[in-house]
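To start, the structure itself, in structure tokens.
The values are calculated or read from the model by the stated rules, or taken from the named source; none is laboratory data. Please read these numbers as outputs of a predicted model, since none were measured by experiment. Cβ placement follows ideal geometry from the backbone for every residue including glycine, while neighbour counts extend to all protein chains displayed. Note: areas computed on protein heavy atoms with side chains; ligands, DNA, RNA excluded. Shrake-Rupley method; radii C 1.70, N 1.55, O 1.52, S 1.80 Å.
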Amino acid sequence: MPATSPPQTENTWLSQRAQALKPSLTLAIAAKAKALKADGRDICSLSAGEPDFETPAFIRQAAADALAAGQTRYGPAAGEPALREAIAAKLSDENHVATSAEQVLVTNGGKQALFNLFQVLLERGDELLLPAPYWLSYPDMAELAGASVRLIPSQAADGFRLRPEALEAAITPKSKLLVLNSPSNPTGTVLSRTELEALASVLRRHPQLLVVCDEIYEFLLAPGHSHHSLAAVAPDLAERIFIVGGCAKGWAMTGWRIGWLAGHGPVIKAAAALQSQSTSNVCTFAQYGALAAVSGPRDCVRAMAQQFNSRRQRLSDGLRAIAGLKLQPPAGAFYAFPDVSHYGLDSMSLCNRLLDEQGLAVVPGIAFGDDRCIRLSCAASEATIDDGLQRLSRFLQTL
Ligand code: GLU
């Protein structure tokens, strides 16, 4: 490198895209908590949504067998044919959305499914409609694709629900894609069949609007709630609906990076072309583990979901016992998103002080579009949840 080169951090080297980009705060906080722990600090982390269970043994075995059998080469960019078939069968049988293997792209986690979809659908002048609070990566991904983001706010007192009137009012001629994330990260709100039907009625009046349903938490539902795919509730709209899912949350496979994108064939083909030019295929032997998971029985998924139910309940009960804090009880996923505005701190300052003073890592609500709230994950042992609740309560008492 010539001696006159500017330092690597010099902004002039970075594209405008890169300058606008923020690193994922959920991952950053989880990494910071791990590093502090490794340094010997007494840290309790309720930050990233990552199941603490081991991936079920039969899935690990299937990947190990594939590795031993030499599944170590490039595969088709769109995914191993057997896995695409299995995902198509899962969507058709379990989610009641008729899907063929050609309509499925295997991706490097649910994140890459979203990223690829945004890249092939969105461009400058387009708007992403995003119900808030939202998972923090959607806006950055849309902006990377050149689109702008139009938020559709919801109220804690209304259970953070997306009302059809609010959707209707948000749609403009530029609106290209709507994100539906149910069960929701961070609020845990689950859209009922009736609510999806009402949203579908709005969508029928706006034929230019496409929808992506992020169903990554489909298996994590509190008792009395069920998951419905919009494309099953409104099959007449199926061509405009894309489904994103993956193995990370349901099967405890976060590090495997196996997700999928399903929908209209020509769009999937474009997303596969993008993938072939960027990451090639998802790790071949990992796909064989995913094949065992997706085509296997759901006992392991149900058993883990049941444990998350009692942990979610424990976290919710503990939070509701803290005076001054308001919680909409989550009906799904593994987060709680209480309103802590009573304590008079913005969510970032509150989380920074909570980590410094009590060693508790949680994620500030501002990252999800609501500065009144903080997000706590219950993808942790009951002892860790209890410890986290005590640290939070001790801290709030000092304010
Ligand atoms: N989706 C999880 C979370 O929100 C994992 C981290 C991430 O991908 O942002 O915590």
Next item on the list: Restrict the check to segment 222-236 and report whether at least one residue is open to solvent by less than 10 Å² (accessible area, probe 1.4 Å), of a type in the set (Ser, Thr, Tyr), away from the ligand (no atom under 16 Å from the Cβ) and within 18 Å of residue 110 (Cβ to Cβ).
Entry: yes
Next item on the list: Report the residue count in segment 32-63 for those that are more than 28 Å from residue 298 (Cα to Cα), away from the ligand (no atom under 16 Å from the Cβ), assigned to a helix (DSSP H, G or I) and in contact (Cβ under 8 Å) with a residue 12 or more places away in the chain.
Entry: 1
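A quick yes/no check of all residues on (1) outside any helix (DSSP H, G or I); (2) without any contact (Cβ under 8 Å) to a residue 12 or more places away in the chain; (3) in contact with a His (Cβ under 6 Å, 6 or more places away or on another chain):
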site: 237; (1), (2), (3): no, no, no
site: 249; (1), (2), (3): yes, no, no
site: 260; (1), (2), (3): yes, no, no
site: 277; (1), (2), (3): no, yes, no
site: 282; (1), (2), (3): yes, no, no
site: 285; (1), (2), (3): no, no, no
site: 290; (1), (2), (3): no, no, no
Check: Across segment 199-217, what is the total count of residues that are within 19 Å of the chain's Cα centre (by Cα) and either open to solvent by less than 20 Å² (accessible area, probe 1.4 Å) or at pLDDT below 95 (or both)?
Finding: 6
Next item on the list: Give segment 306-315 a look and list any residue that's surrounded by 20 or more Cβ atoms within 10 Å (Cβ to Cβ) and either in contact with a His (Cβ under 6 Å, 6 or more places away or on another chain) or more than 14 Å from residue 380 (Cβ to Cβ) (or both), or say none.
Entry: none
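Can you tell me which residues in segment 64-117 are part of a loop (DSSP other than H, G, I, E, B) and surrounded by 17 or more Cβ atoms within 10 Å (Cβ to Cβ)?
Passing the criteria: 71, 75, 77, 78, 79, 80, 95, 97, 99, 108.
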Check: Do the conditions hold for residue 356, that is, is it closer than 17 Å to residue 37 by Cα and of a type in the set (Asp, Glu)?
Finding: yes
Notebook entry, point to check: So residue 303 clears everything in (1) in a helix (DSSP H, G or I); (2) at pLDDT below 95; (3) not aromatic (Phe, Trp, Tyr) except one condition, right? Which one?
Noted result: (2)
Check: Among the residues of segment 359-385, how many are within 12 Å of the ligand (Cβ to nearest atom) and part of a helix (DSSP H, G or I)?
Finding: 2
Margin query: Which residue is farthest from residue 189 (Cα to Cα), if the candidates are limited to segment 304-345 and must be hydrophobic (A, V, I, L, M, F, W, C) and over 21 Å from the mean Cα position of the chain (by Cα)?
Written below: 345
Next item on the list: Residue by residue through segment 241-269, note down the ones that are within 17 Å of residue 80 (Cα to Cα) and either among the aromatic types (Phe, Trp, Tyr) or open to solvent by 40 Å² or more (accessible area, probe 1.4 Å) (or both).
Entry: 256, 257, 260, 269
Notebook entry, point to check: Does segment 378-389 contain at least one residue that is open to solvent by 10 Å² or more (accessible area, probe 1.4 Å) and over 21 Å from residue 317 (Cα atoms)?
Noted result: no
Check: Are there any pairs with C-beta distances below 8 angstrom linking a residue in segment 103-118 that is touching a residue at least 40 places away in the same chain (Cβ under 8 Å) to a residue that is of a type in the set (Lys, Arg) and within 11 Å of the ligand (Cβ to nearest atom), with the two at least 6 apart or on different chains, and if so which?
Finding: 108/257; 109/257; 112/257
Next item on the list: Answer with yes or no whether residue 196 is surrounded by 19 or more Cβ atoms within 10 Å (Cβ to Cβ) and in a helix (DSSP H, G or I).
Entry: yes
Item checked: Hits in segment 138-186 (condition: in contact with a His (Cβ under 8 Å, 6 or more places away or on another chain), within 16 Å of the ligand (Cβ to nearest atom) and not hydroxyl-bearing (Ser, Thr, Tyr)) -> 183
Note to self: Being in a helix (DSSP H, G or I) and either buried (at least 22 other Cβ atoms within 10 Å of the Cβ) or in contact with a Lys or Arg (Cβ under 7 Å, 6 or more places away or on another chain) (or both) is the filter here; which residues of segment 142-155 pass it?
What the structure shows: 142, 144
